[in-house]
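Asker: Can you keep this structure in mind? I'll have questions shortly.
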Amino acid sequence: MTNSSATRSRGNPGTGLALAGIHLIALLALVPAFFSWSAVGVLLVLCYITGGIGITLGYHRLLTHRSLQVPKPIEYLFTFLGVLALQGGPISWVATHRRHHTYADREGDPHGMDRGFWWAHVGWLYLPNPALPTPAEERRLAADIVSDPFYRFLDRTSALWQVALGLLLFALGGWSWVIWGIFARLVVTYHLTWFVNSAAHWTGYRTFRTSDLSTNSWWVAVLTWGEGWHNNHHAFPFSARHGLRWFEFDITWLMIRVLKVVGIVRNVKVPTAAMIERLKALDPATAPAAVQAQAKSAS
């Protein structure tokens, strides 16, 4: 999606129509003729590869926040897997997310909960949105990504790789694999990502004092490979670990630790004990109700 002045002022109906089309075609997965257990397996595997590794680890923790380092070929691989999630190229995704952290849940946030649940979940993608980064802002916010020719190439060709994946799935498993591995999988991974923007800024508990509405939502964390510990993340955006307490299960953090043991990951960033103590909420037990009230009043 190109964030031109027209897109920002009038919205992007093309994106809305594309999302509606993907959701409608995904309903074919309910037709018995398109069902197979192998297709279900393809959906589950590709959800993790493109959503768990590509978006959560690659686009988010590695590219956007630089919370760890990996060899460049591995970074390119993780980013390519993120492209297959069809959530935009690495430049636009990183720039939008960095802007979100700068203006979280207030004017200037591309998908802030200050404008309500539906806006934060999906409306921001196709409705008029002046907070979307312009091309010039993308170059500034994601200068490290823009400077890499490979990332510029992926940003220009991101949709084409989805077509290539669809053709591969058709050759291997026919229409069943295409319906489940492309359309149903996109619907699942879209909503998982969107729940981090919406539900994890609306329901849950708050451990840290932050200026936004971010919450720690256990069910979002379970579904999104650890991304639902979102209040922790907004408190320490640089941290490769989002689940900071023993019961805050973060499967992506476990993967990072494994990759570090085998020598693939290095320079992993986490908050110190002193940082954690400084930002702890004065009364975390009362925070969820207050956060929900603020979010609902903005709806």
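Asker: What number of residues within the stretch 53-65 satisfy the criterion of being more than 9 Å from the chain's Cα centre (by Cα) and not hydrophobic (A, V, I, L, M, F, W, C)?
Answerer: Going through the stretch 53-65 one residue at a time, the tally reaches 5.
Asker: Filter the stretch 60-106 for residues that are closer than 20 Å to Ala143 by Cβ, of a type in the set (D, E, K, R) and outside any helix (DSSP H, G or I) and give the result.
Answerer: Scanning the stretch 60-106 gives a single hit, Arg66.
Asker: If a residue counts only when it is in contact (Cβ under 8 Å) with a residue 60 or more places away in the chain, which helices (runs of 4 or more DSSP H) contained entirely in the stretch 149-233 have at least 3 such residues?
Answerer: Hits in the stretch 149-233: 149-178, 185-197.
Asker: While we're looking at this one, here's another question. Can you name every residue in the stretch 107-120 that is touching a residue at least 60 places away in the same chain (Cβ under 8 Å), outside any helix (DSSP H, G or I) and either surrounded by fewer than 21 Cβ atoms within 10 Å (Cβ to Cβ) or in contact with a strand residue (DSSP E or B) (Cβ under 9 Å, 6 or more places away or on another chain) (or both)?
Answerer: Listed by number, the list holds a single entry, Gly116.
Asker: Does the stretch 195-203 contain any residue that is hydroxyl-bearing (Ser, Thr, Tyr), modelled with pLDDT of 95 or more and either over 20 Å from the mean Cα position of the chain (by Cα) or within 18 Å of Gly82 (Cα to Cα) (or both)?
Answerer: Within the stretch 195-203, none of the residues are hydroxyl-bearing (Ser, Thr, Tyr), modelled with pLDDT of 95 or more and either over 20 Å from the mean Cα position of the chain (by Cα) or within 18 Å of Gly82 (Cα to Cα) (or both).
Every residue, every condition in (1) in contact with a Gly (Cβ under 8 Å, 6 or more places away or on another chain); (2) among the polar types (S, T, N, Q); (3) within 18 Å of His230 (Cβ to Cβ); (4) surrounded by fewer than 24 Cβ atoms within 10 Å (Cβ to Cβ), yes or no:
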site: Leu46; (1), (2), (3), (4): yes, no, no, no
site: Ile49; (1), (2), (3), (4): no, no, no, yes
site: Gly52; (1), (2), (3), (4): no, no, yes, yes
site: Ile55; (1), (2), (3), (4): yes, no, yes, no
site: Tyr59; (1), (2), (3), (4): yes, no, yes, no
site: Leu68; (1), (2), (3), (4): no, no, no, yes
site: Pro73; (1), (2), (3), (4): no, no, no, yes
site: Phe78; (1), (2), (3), (4): yes, no, no, yes
site: Gly82; (1), (2), (3), (4): yes, no, no, no
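Asker: Now, a different point. Going by what's in this entry, would Thr50 be described as under 23 Å from Leu165 (Cβ atoms), assigned to a helix (DSSP H, G or I), polar (S, T, N, Q) and out of contact with any Pro (no Cβ under 9 Å at 6 or more places or on another chain)?
Answerer: The answer is yes for Thr50.
Asker: Run Thr102 past the list (1) of a type in the set (Val, Ile, Thr); (2) more than 27 Å from Leu213 (Cα to Cα); (3) free of Cβ contacts under 8 Å to residues at least 24 places away in the same chain and report the number of the one that doesn't hold.
Answerer: (2)
The values are calculated or read from the model by the stated rules, or taken from the named source; none is laboratory data. As the structure is a computational prediction, the values presented were derived from the model and not from experiment. Cβ coordinates were reconstructed from backbone atoms using ideal geometry, including for glycine residues, and neighbour counts include every protein chain displayed.
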